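Enquirer: Let me give you the structure first, and then I'll get to my questions.
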Amino acid sequence: MNLISLLSRTKLYWGLIAIFLIGVFGSPISSKGNNIFLSYGNLLDVLRQVSTTGLIATGMTAVILTGGIDLSVGSLMAICSVVCAMLLTVPGVTPSAALGVPTVALVALCLGALATRFILLNIEKSRAGAQAGRDARLDKTRGLVVPGVVGVILCCLSLWYLLPQVETKFGVLGVLLAAPCVGLLFGTINGFIIVAGRLQPFIVTLAMMVTALGIARLTAGQNNAVLPVYTGSNATAEFEILRSLVFGIVPMPGLFFLGAIVIYGAVLRFTPFGRYVYAIGGNEEAARLSGIAAGRVKIATYAISGLLAGIAAVLYVAQYRQGKPDAGAGLELDAIAAVVIGGTSLMGGRGSLIGTFCGVLIFGLLSNILQLHNINSNLQLVLKGAIIIGTVLVQERNAGDLLSYLRLPGGRTAQKETAAAKRPSQETSSL
């Protein structure tokens, strides 16, 4: 591998290093002579700020890898933040309780049944051996009755745990179950409509974005633009743990983000599900013909995207001490930008969560650098847009085409014309 090829393969990391160095050498200096950008508190703030976008981008990566898009994640985060804030602060049967508790029970029922059936089916395949494993089938007892019983048991356990909290107020674990399950439900609906209705993901998720925003406003109520959450006052003091530093080093939201990147990255890299995701993005029809259940895989990616949006909502409420019907406004665009900056192709089939991690950090560091220099917020948006376009051109290797179209030096057309002009002179000299 030559130097140019190595640089091409690692260009994303060099971009992250370049942004970091710009922040270091261009950082303002405090009154004590310290580099503000390099201060531990500033770097912790960057990790806190990118954690919400990072969780959304993590789920978005798998969706885009299948060739889809999810425009609803911002609104899903908003409705989940409303559910979380209301469950923490308002006792009794509220719209959030009416939405959250049955959703957790339904998710427990379905996941319990599906997980049990998956385990039993794989046990049967391992017993049948490599040759007959693909044709292995479960009888009615193991394929339907046992999974159903397990699902019902988990459903009852979830209701046993959550129903007593309805009359008081929910605790940390309660909202960590309810809000993500709400996001998971809406994400599953997205995927199901896309697959069963054979509709474009852009249209379906755009409709869900508007629908979820309306449901969030109806859930919060006409007079509740903001639902304040004060730990130790109107909410349990234990909720403060979700914005604390773990061992005094890593902020809890950052730990959630890093954990999601590592776990989901391992799933995409080392499991059949991950290989199916890439195969569908590369050529969905070929994936179907090879025996991949493309519809189920796509539904799963949208469901996980909604789940991560729900987790991000809980962390949002913990950090900003409020739930809002418009909490995630524009967040889907930031997530898509971070995924694309990370090298994931919008056409699907190419990309990685390591790239998304770098893209999220690049986006976060860039925002931090602009804020440290007190750049006008409107100008920040302009600069971010220009950087996104430039980064995507480099990632997709289309910069040469743009230069050619503009007739600028370095374009591919100009290079071809120069090479063509040289050929006659070389032929004449040879004669």
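For every residue, the table says whether it meets (1) assigned to a loop (DSSP other than H, G, I, E, B); (2) of a type in the set (Ser, Thr, Tyr); (3) in contact (Cβ under 8 Å) with a residue 24 or more places away in the chain.
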{"site": "180", "(1), (2), (3)": "no, no, yes"}
{"site": "193", "(1), (2), (3)": "no, no, no"}
{"site": "205", "(1), (2), (3)": "no, yes, yes"}
{"site": "213", "(1), (2), (3)": "no, no, yes"}
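Enquirer: Is at least one residue of region 223-232 open to solvent by less than 50 Å² (accessible area, probe 1.4 Å) and part of a helix (DSSP H, G or I)? Outline the logic, then answer.
Expert: If we filter region 223-232 for residues that are open to solvent by less than 50 Å² (accessible area, probe 1.4 Å), which is where we start, we get 227, 229, 231.
When the remaining residues are screened for being part of a helix (DSSP H, G or I), the result is none.
Within region 223-232 (the criterion being open to solvent by less than 50 Å² (accessible area, probe 1.4 Å) and part of a helix (DSSP H, G or I)), the answer is no, since none of the residues qualifies.
Enquirer: Something else about it: Output the number of the condition that residue 207 fails; it satisfies all remaining conditions of (1) within 22 Å of the chain's Cα centre (by Cα); (2) loosely packed, with under 15 Cβ neighbours inside 10 Å.
Expert: (2)
Enquirer: Separate question: Any chance you could count how many residues in region 365-388 are more than 21 Å from residue 13 (Cα to Cα) and among the small types (Gly, Ala, Ser)?
Expert: 1
Enquirer: Let me ask something additional. Tell me the residue from 69, 79 that is buried (at least 24 other Cβ atoms within 10 Å of the Cβ) and of a type in the set (Val, Ile, Thr), please.
Expert: The conditions single out 79.
Enquirer: Right, next: Within region 46-66, work out how many residues are open to solvent by less than 10 Å² (accessible area, probe 1.4 Å) and touching a strand residue (DSSP E or B) at 6+ places or on another chain (Cβ under 8 Å).
Expert: The number of residues fulfilling the criteria is 1.
Enquirer: Write out, first by first residue and then by second, each pair whose Cβ atoms fall under 6 Å of each other, whose residues are 6+ apart or on separate chains, and whose first residue, in region 231-245, is over 21 Å from residue 91 (Cβ atoms) while the second is polar (S, T, N, Q).
Expert: Close Cβ pairs satisfying both conditions: 243/319.
Enquirer: How many residues, within region 133-175, are open to solvent by less than 50 Å² (accessible area, probe 1.4 Å) and either within 30 Å of residue 78 (Cα to Cα) or modelled with pLDDT under 80 (or both)?
Expert: Residues in region 133-175 being open to solvent by less than 50 Å² (accessible area, probe 1.4 Å) and either within 30 Å of residue 78 (Cα to Cα) or modelled with pLDDT under 80 (or both): 14 in total.
Enquirer: Restricted to region 284-313, and to residues that are crowded, with 19+ Cβ neighbours inside 10 Å and of a type in the set (Ser, Thr, Tyr), which residue is nearest to the chain's Cα centre (by Cα)?
Expert: Here the residue is 305.
Enquirer: Among the helices (runs of 4 or more DSSP H) contained in region 252-364, which hold 1 or more residues that are under 28 Å from residue 210 (Cβ atoms) and not acidic (Asp, Glu)?
Expert: So the answer is 252-270, 272-282, 294-320, 331-341.
Enquirer: Related question: Conditions: (1) within 30 Å of residue 238 (Cβ to Cβ); (2) hydroxyl-bearing (Ser, Thr, Tyr); (3) open to solvent by 50 Å² or more (accessible area, probe 1.4 Å). Residue 126 meets all but one. Number of the miss?
Expert: All conditions pass for residue 126, except number (1).
Enquirer: Turning to a different aspect of this structure: So if I check each of 148, 143, 171, 112, which one is out of contact with any His (no Cβ under 6 Å at 6 or more places or on another chain) and under 26 Å from residue 94 (Cα atoms)?
Expert: One residue alone meets the criteria, 171.
Enquirer: Is there a residue in region 39-61 that is assigned to a loop (DSSP other than H, G, I, E, B) and modelled with pLDDT of 85 or more?
Expert: yes
Enquirer: Same structure, new question: Scan region 233-246 residue by residue and report those that are over 26 Å from the mean Cα position of the chain (by Cα) and surrounded by fewer than 13 Cβ atoms within 10 Å (Cβ to Cβ).
Expert: Within region 233-246, 233, 237, 238 meet the criteria.
Enquirer: Same structure, new question: On the basis of being more than 21 Å from the chain's Cα centre (by Cα), part of a loop (DSSP other than H, G, I, E, B), small (Gly, Ala, Ser) and over 30 Å from residue 206 (Cα atoms), does residue 33 make the cut?
Expert: yes
Enquirer: Next up: Can you pull out every residue in region 27-45 that is open to solvent by less than 30 Å² (accessible area, probe 1.4 Å) and farther than 22 Å from residue 243 by Cα? Show your work before the answer.
Expert: Just the residues of region 27-45 that are open to solvent by less than 30 Å² (accessible area, probe 1.4 Å), to begin with: 27, 37, 42, 44.
27, the sole residue that qualifies.
Enquirer: Within region 334-387, how many residues turn out to be over 16 Å from residue 268 (Cβ atoms), open to solvent by 40 Å² or more (accessible area, probe 1.4 Å) and either touching a Gly at 6+ places or on another chain (Cβ under 7 Å) or among the aliphatic types (A, V, I, L, M) (or both)?
Expert: Of the residues in region 334-387, 10 are over 16 Å from residue 268 (Cβ atoms), open to solvent by 40 Å² or more (accessible area, probe 1.4 Å) and either touching a Gly at 6+ places or on another chain (Cβ under 7 Å) or among the aliphatic types (A, V, I, L, M) (or both).
Enquirer: To continue, here is another question. Is it the case that some residue within region 146-166 is touching a Lys or Arg at 6+ places or on another chain (Cβ under 6 Å) and in a helix (DSSP H, G or I)?
Expert: yes
Enquirer: Among the residues of region 71-107, write down those that are free of Cβ contacts under 8 Å to residues at least 60 places away in the same chain and either of a type in the set (A, V, I, L, M) or not in a helix (DSSP H, G or I) (or both). Outline the logic, then answer.
Expert: Filtering region 71-107 for residues free of Cβ contacts under 8 Å to residues at least 60 places away in the same chain gives 94, 98, 102, 105.
Of everything in region 71-107, those that are free of Cβ contacts under 8 Å to residues at least 60 places away in the same chain and either of a type in the set (A, V, I, L, M) or not in a helix (DSSP H, G or I) (or both) turn out to be 94, 98, 105.
Enquirer: Right, something else. So, in region 251-278, of the ones that are among the hydrophobic types (A, V, I, L, M, F, W, C) and without any contact (Cβ under 8 Å) to a residue 24 or more places away in the chain, which residue ends up most open to solvent (accessible area, probe 1.4 Å)?
Expert: Applying the filter and picking the extreme gives 270.
The values are calculated or read from the model by the stated rules, or taken from the named source; none is laboratory data. The structure presented is a predicted model; accordingly, all values stated were derived computationally and were not measured. Backbone-built Cβ (ideal geometry, glycine too); neighbour counts: all protein chains shown. Note: accessible area is taken over every heavy atom of the protein model, side chains too, but ligands, DNA and RNA are not part of it. Shrake-Rupley method; radii C 1.70, N 1.55, O 1.52, S 1.80 Å.
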